[in-house]
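Remarks on the structure that follows.
The values are calculated or read from the model by the stated rules, or taken from the named source; none is laboratory data. Just so we're clear, the structure is a prediction, and the values are computed from it rather than from any experiment. Cβ atoms come from the backbone with ideal geometry, glycine included; neighbour counts cover every protein chain shown.
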Amino acid sequence: LAVTLLNRAKNMLFGSPDHYKSLSNQFLAFGKSALSRDDDDCSLNDALRLMNEALDLCEKGLATAKTREDTMEFTGMRTKTLRFISAVHLQKGEYESVIKCVKVLRNGGNGSGGADQHASLPVLA
């Protein structure tokens, strides 16, 4: 029910960076919750779907960001979400997808500037 309401809320964002942040954080929270459940394929698929929604909202929010602070927050949320997405792919045994996520994280993504230097990247790679 909560995920259905979140999906409906996407239609009411009105281009506000704060709305994109809040909704993206909620999708990520539900994705992390699904990831923490048993390692069955259903929960991993749910986690991946929710985290992909969070990533999509981060990228849309990044396009609406007007201040440097908003841009930095969206970039941080985006890298955090990509790390969780790569963890889901790792648990599913989809190693090529993990490598793609690591490459995006190392390269900095959509021209957002610096690459991610998180300690988990060498482990994932």
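Of the residues in the range 60-100, how many are in contact with a Phe, Trp or Tyr (Cβ under 8 Å, 6 or more places away or on another chain) and either assigned to a helix (DSSP H, G or I) or basic (Lys, Arg) (or both)? Show your work before the answer.
In the first step, residues of the range 60-100 are kept if they are in contact with a Phe, Trp or Tyr (Cβ under 8 Å, 6 or more places away or on another chain); the result is 60-62, 64-65, 74, 89.
Those still in the list that are either assigned to a helix (DSSP H, G or I) or basic (Lys, Arg) (or both) too: 60-62, 64, 74, 89.
Selection size over the range 60-100: 6.
Among the residues of the range 72-107, count how many are among the polar types (S, T, N, Q) and more than 15 Å from the chain's Cα centre (by Cα). Talk me through it step by step, then tell me what you get.
Going through the range 72-107, the residues among the polar types (S, T, N, Q) turn out to be 75, 79, 81, 86, 91, 97, 107.
After this cut, where a residue has to be more than 15 Å from the chain's Cα centre (by Cα) as well, the list is 91, 107.
Final tally of qualifying residues: 2.
Please work out which residue is nearest to residue 16 (Cα to Cα), limiting yourself to the range 33-58 and to residues that are surrounded by fewer than 17 Cβ atoms within 10 Å (Cβ to Cβ) and modelled with pLDDT of 90 or more.
Checking each candidate, the answer is 56.
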**Study point:** Long-range neighbours under 7 Å by Cβ, at least six apart or interchain, first residue in a loop (DSSP other than H, G, I, E, B) and among the hydroxyl-bearing types (Ser, Thr, Tyr) within the range 4-31, second modelled with pLDDT under 90 and surrounded by 12 or more Cβ atoms within 10 Å (Cβ to Cβ)
**Key:** none
**Study point:** Hey, residue 71 under 17 Å from residue 29 (Cα atoms), surrounded by 15 or more Cβ atoms within 10 Å (Cβ to Cβ) and hydroxyl-bearing (Ser, Thr, Tyr) or not
**Key:** no
Check your understanding: Quick one: what pairs do we get from the range 78-97, first residue surrounded by fewer than 21 Cβ atoms within 10 Å (Cβ to Cβ) and among the acidic types (Asp, Glu), second part of a helix (DSSP H, G or I) and at pLDDT 90 or above, C-beta under 9 Å, 6+ apart or different chains?
Key -> 94/88; 96/89
